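**Student:** Attaching a single structure in structure tokens format; questions to follow.
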Amino acid sequence: MTRPAILFVCLGNICRSPLAEAAFRKAADAVGMDAIADSAGTAAYHVGSAPDPRSVETAQKHGVDIRHYRGRQLESTDFTRFTHIFAMDHQNLRNILAAAPSDSTAKIALLMDCVKGREGAAIADPYYDGEEHFGPTWKDVDAAAQALIATLQSTEA
Ligand code: 4NP
């Protein structure tokens with residue numbers, strides 16, 4: 001298996017994709033998988049920012065400290081540095097595909113495509129909503145992380 005390098009992408013890189021990165025890191029650690037993980041935003045609104053405090057608290061609840069994560073924008077080298085780029089929603093996916101250079105080698109898909117029965121689903125943006133929306137966000141990214149780990153461990157990855 002080539003070393004998996006997974007990039008999780010949302011709009012701002014402060015709510016959903018840091019949680020996806022955190023859930024994946026936790027799941028990879030749990031099985032001793034040597035994988036690279038990072039996250040990015042399609043927009044530059046929060047470059048250099050720490051994750052949203054509601055995401056920090058949600059990750060903390062699940063035993064992952066993400067206070068040191070910093071927002072960054074998707075860049076063209078990501079398409080060759082990462083083996084997989086996962087979008088949180090359809091708009092992110094469109095923007096990622098539009099930004100892909102011709103030499104892109106990454107597999108690009110919706111994150112929820114990893115989960116049987118949830119293919120094609122978006123992870124709702126909790127940014128404008130209350131704190132109570134971040135629990136369901138974690139559930140989604142955690143389900144995807146578990147499924148992704150299983151897929152990466154299988155020969156077809
Ligand atoms: P994210 O959420 O894409 O899950 O990080 C958002 C964060 C910030 C904004 C929108 C969505 N914003 O418009 O600043």
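The values are calculated or read from the model by the stated rules, or taken from the named source; none is laboratory data. In this text the structure is predicted, and so the values were computed from the model without any measurement. Note that we place each Cβ from the backbone using ideal geometry, even for glycine, and neighbour counts take in every protein chain shown. The accessibility values were calculated without ligands, DNA or RNA, using every heavy atom of the protein model including side chains. Shrake-Rupley method; radii C 1.70, N 1.55, O 1.52, S 1.80 Å.
**Student:** Using Cα positions and a limit of under 20 Å, work out the lysines in reach of residue 26, with same-chain residues fewer than 8 apart set aside.
**Tutor:** Partners found: 61, 139.
**Student:** Tally up the carbon and sulfur contribution to the accessible surface of the chain as a whole percent, 1.4 Å probe, everything protein left in place.
**Tutor:** Details: 3920 of 7700 Å².
The nonpolar share, carbon plus sulfur, comes to 51 percent.
**Student:** Summing +1 for each Lys or Arg and -1 for each Asp or Glu, what net charge is found among the other residues whose Cβ lies under 14 Å from the Cβ of residue 142?
**Tutor:** On the way: positive: 16, 25, 26, 61, 118, 139; negative: 21, 29, 140.
Counting the neighbours of residue 142, the net charge comes to +3.
**Student:** For 45, 127, give me the order by solvent-accessible area with a 1.4 Å probe, most accessible first, ignoring ligands, DNA and RNA.
**Tutor:** Working: 45 160, 127 85 Å².
Ranked from most to least accessible, the order is 45, 127.
**Student:** Normalising by the residue count of the chain, find the relative contact order in percent from Cα pairs under 8 Å and 6+ residues apart. The partial results should precede the final answer.
**Tutor:** Values: 299 pairs, mean separation 42.5, N = 157.
Contact order relative to length: 27 percent.
**Student:** Of all alpha-carbon pairs in the chain, indicate the percentage at a distance above 25 angstrom. Let's see the in-between values first.
**Tutor:** Numbers: 2511 of 12246 pairs.
Across the chain, Cα pairs with separations above 25 Å total 21 percent.
**Student:** Mind giving me the nanometre distance, one decimal, between the label points for residue 67 and residue 98, set 7 Å out from Cα along Cα→Cβ?
**Tutor:** 3.8 nm
**Student:** Turning to a different aspect of this structure: I'd like to check one number: the per residue accessible area of region 19-113, probe 1.4 Å, reported in Å² as a whole number.
**Tutor:** 48 Å²
**Student:** Further question on the same structure: Excluding ligands and nucleic acids, what accessible area in Å² is computed for residue 125 using a 1.4 Å probe, to the nearest 10?
**Tutor:** The value for residue 125 is about 60 Å².
**Student:** Please give the length that would be gained between residue 154 and residue 116 if that part of the chain were fully extended, namely 0.36 nm times their separation in residues minus their C-alpha to C-alpha distance (nm, one decimal). Could the numbers behind the result be given before it?
**Tutor:** Details: separation 38, 0.36 × 38 = 13.68 nm, distance 1.51 nm.
Difference between extended and current length: 12.2 nm.
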